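The values are calculated or read from the model by the stated rules, or taken from the named source; none is laboratory data. The model shown is predicted, which means the values in this text are computed figures rather than measured ones. We place every Cβ from the backbone using ideal geometry, glycine too, and count neighbours over all the protein chains shown.
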Amino acid sequence: MKCFGYICCFLALLTKASFLCAQINSGCDVDGDSPKEERIEQLLQTFETATDKKLKYETADTLMAVYYQNGYLESPLTFNNSTSADSVLMLVYFHSAWYFFCNEKWQSAIDYSVKSLPFVQNTGDSVLLSDVYHLQGLNCFRLGDFDKSTEAFKRTYDIDKHRGDASDMSNTLNCIAGTYIANKQPELAEPFILEAIRLNSTIDEPERMSVYLGMASETYHLLGDDDKARQYALKGLDIERKLGRKGQTGKRLSQLASAYIGLGLMQDAESALAEALPLLKEADMIHSAGICENQLGDIFMKQNNPKDAVRHYQSAADIFFNQGDIYNESRSRYGLYEALKNADLKQALENLERYNLLKDSIYTIETNEKISKYNAQYQNDLLAVRNRNMHQKTNTYIVLGLLLFIIVALTVTIVLLIIRHKHKEEKQSMNLQIAHLQEKNEQLQTWYKNAIINSNKPAEALSEGEQQFLTKVIELANRQMSEGKVDADAVARHLGLSPFQLRNRLMDMAGMTPREFLLNIRMQKAIHLLDTQRNMSVLEVAYECGYADGSNFVHAFRKQYGLSPTEYRKRLTHNNISQ
């Protein structure tokens, strides 16, 4: 049995668990001026480094006071000598995670929720544990890491389902729907968000209902039913105007603007966003303001005004890049590509390249597989909840429930067949990607063999360590080329060497200076692309090889091979015809 003092330290938190969970899980933002992040970070640093118990507890009290004064705690929370050290650590870490989440500092929120987790697990409190996992899921979602987000929500739902808490279950269902929305699967999101709204209608939680209505608006917007999307957004907006929450009012206006755009009502959309932006900025909700900037970019593109669209897309891209939100940044980058492609092709292609890199990070094979499994499990969970409720009705409803079960069974059979077909397609897609990776690996091996042709040592005389070193240099060069800048000093720093040390090792192994070695790799990649990617222009090949200027690439290629890339490609075409 835990000591009485240890239990008492949680009372303030446990008595407001529903309030805190609702706020955290729905992603609400606290309006008004936030304390400066610098002050919070200084207090946290003092707290974590303090070895004196008195200083540590005093700093914890100060932090809790700051959080309470700025609306991040419902009631004051203080500590005394009878409060256990573990309790202090847990509460400081947990509420700090909540503070950073409200201020859209996603990675910091994740870090502190992870720190709080072992202490929360030791308490055995399922409500608080559900809050921590849910908070992790939301922050991972904001960072575009749907894999980790899904895992966190899965753990949350398991806890909520075991407890049978309709309020928390509806919250988790809303976040499951949000994951599907982010993964462009609105048809899967729809039943989850409607069930969340149904559950919430049985309890008095207008703050949450507004969030769920907003999610429903986004779902129907992606499904192409913008009339329903507008209706749900207007209901959510009406709730927020009554609650007087500026930041959330701005969010509902942003969702309403999406519906207006889908309906072709551009002036209404522009008016909604004009009202939303200052509200979001006043509430310091920069991330949501970035979403509005993207929407304004869309409006100006539809109005054939790419110049103003660029201004808004760039503002959004800067916001999402600084916050590490790869999902929304990818949308901004593609918008910049579309807006710039007729005016500045080079800059447009740079944004398109960034967009492709972001999309590769978001849609990995592992994410798609796990979300498919997640869907299969939680669709069944949702049906089980509904069936359990049906059995509690009268005999008449039991009969109707049996009929409904038969219909659901047939539906599930059809769904399983569809999922099986989908898995088959995903497997084929996976095989294609594996083949691509094998081809890429073979190309790297070719570069490796070519790189040591001029070696002072025969290839078979190189030690395994030397071979691994050369391979690592080639991999770093390839990564630098994809990032648009090849730098020998950066390669040296990454390997933990000085430029002089790198030069000595490459001269000894390959008979080349770092600059010569990297140039050799770039030229080999250029030859490969000119040979295999006939649709790529010479300028595009130059970008792929890490050259920002096409003329520098042509000069380097001519110096290396005695002819220009265009001449090489013409000669290659002529040889193929002759054969």
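Cβ-Cβ contacts under 7 Å between residues 6 or more apart (or on different chains), taken from a first residue in the stretch 160-173 that is under 11 Å from Glu195 (Cα atoms) to a second residue that is of a type in the set (Gly, Ala, Ser) and in a helix (DSSP H, G or I), are listed as Ser170/Ala196; Asn171/Ala22; Asn171/Ser26; Leu173/Ala196. Here Leu502 meets each of (1) farther than 18 Å from Tyr568 by Cβ; (2) more than 36 Å from the chain's Cα centre (by Cα); (3) modelled with pLDDT under 85 with one exception, condition (3).
Residue by residue, here is whether (1) β-branched (Val, Ile, Thr); (2) modelled with pLDDT under 90; (3) assigned by TED's automatic domain parsing to the domain that holds Leu44 holds:
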position: Leu117; (1), (2), (3): no, no, yes
position: Cys140; (1), (2), (3): no, yes, yes
position: Lys161; (1), (2), (3): no, yes, no
position: Ala166; (1), (2), (3): no, yes, no
position: Met169; (1), (2), (3): no, yes, no
position: Ala196; (1), (2), (3): no, no, no
position: Glu218; (1), (2), (3): no, no, no
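Return yes when Glu275 is modelled with pLDDT of 90 or more, more than 27 Å from Gly144 (Cβ to Cβ) and not β-branched (Val, Ile, Thr) and no when it is not. So Glu275 fits the description; yes.
Restricting attention to the stretch 67-89, the residues that are buried (at least 18 other Cβ atoms within 10 Å of the Cβ) and either at positive phi or under 34 Å from the mean Cα position of the chain (by Cα) (or both) add up to 7. Of the residues making up the stretch 300-326, those that are within 20 Å of Gly247 (Cβ to Cβ) and surrounded by fewer than 22 Cβ atoms within 10 Å (Cβ to Cβ) are Ser315, Asn322, Gln323. Given the condition touching a residue at least 40 places away in the same chain (Cβ under 8 Å) and under 19 Å from Ser254 (Cα atoms), answer yes or no: does some residue in the stretch 190-202 qualify? Looking for residues that are touching a residue at least 40 places away in the same chain (Cβ under 8 Å) and under 19 Å from Ser254 (Cα atoms), one finds none in the stretch 190-202, hence no. Scanning the stretch 106-152 for residues that are at positive phi and surrounded by fewer than 17 Cβ atoms within 10 Å (Cβ to Cβ) gives a single hit, Gly124. Selection of the stretch 45-68 for residues being of a type outside the set (A, V, I, L, M, F, W, C) and without any contact (Cβ under 8 Å) to a residue 24 or more places away in the chain yields Gln45, Thr46, Glu48, Thr49, Thr51, Asp52, Lys54, Glu58, Thr59, Asp61, Thr62, Tyr68. Among the residues of the stretch 255-298, those identified as closer than 22 Å to Asp318 by Cβ, under 20 Å from the mean Cα position of the chain (by Cα) and assigned to a helix (DSSP H, G or I) are Ile286, His287, Ser288, Ala289, Gly290, Ile291, Cys292, Glu293, Asn294, Gln295. For Ala276, the criteria (1) surrounded by fewer than 16 Cβ atoms within 10 Å (Cβ to Cβ); (2) more than 24 Å from Thr172 (Cα to Cα); (3) small (Gly, Ala, Ser) hold in every case but one, which is (1). Checked across the stretch 507-523, the condition of being farther than 26 Å from Asn552 by Cβ and in a helix (DSSP H, G or I) holds for at least one residue.
Only one of the numbered conditions (1) assigned to a loop (DSSP other than H, G, I, E, B); (2) touching a residue at least 40 places away in the same chain (Cβ under 8 Å) is violated by Leu91, and that is (1).
Going through (1) surrounded by fewer than 24 Cβ atoms within 10 Å (Cβ to Cβ); (2) under 19 Å from Leu253 (Cα atoms); (3) not hydrophobic (A, V, I, L, M, F, W, C) one by one, Gly297 falls short only on (1). From the list Ile577, Ile527, the lone residue that is among the β-branched types (Val, Ile, Thr), surrounded by 15 or more Cβ atoms within 10 Å (Cβ to Cβ) and either more than 31 Å from the chain's Cα centre (by Cα) or modelled with pLDDT of 90 or more (or both) is Ile527.
Out of Lys281, Lys246, Lys307, one residue alone is under 28 Å from Arg198 (Cα atoms), at pLDDT below 95, of a type outside the set (Ser, Thr, Tyr) and out of contact with any His (no Cβ under 9 Å at 6 or more places or on another chain). It is Lys246.
Yes or no, residue by residue, for (1) within 30 Å of Gly264 (Cβ to Cβ); (2) of a type in the set (Ser, Thr, Tyr); (3) surrounded by fewer than 24 Cβ atoms within 10 Å (Cβ to Cβ):
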residue	(1), (2), (3)
Lys154	no, no, yes
Tyr157	no, yes, no
Leu173	no, no, no
Ala182	yes, no, yes
Glu190	yes, no, yes
Leu194	yes, no, yes
Ser201	no, yes, yes
Leu222	yes, no, yes
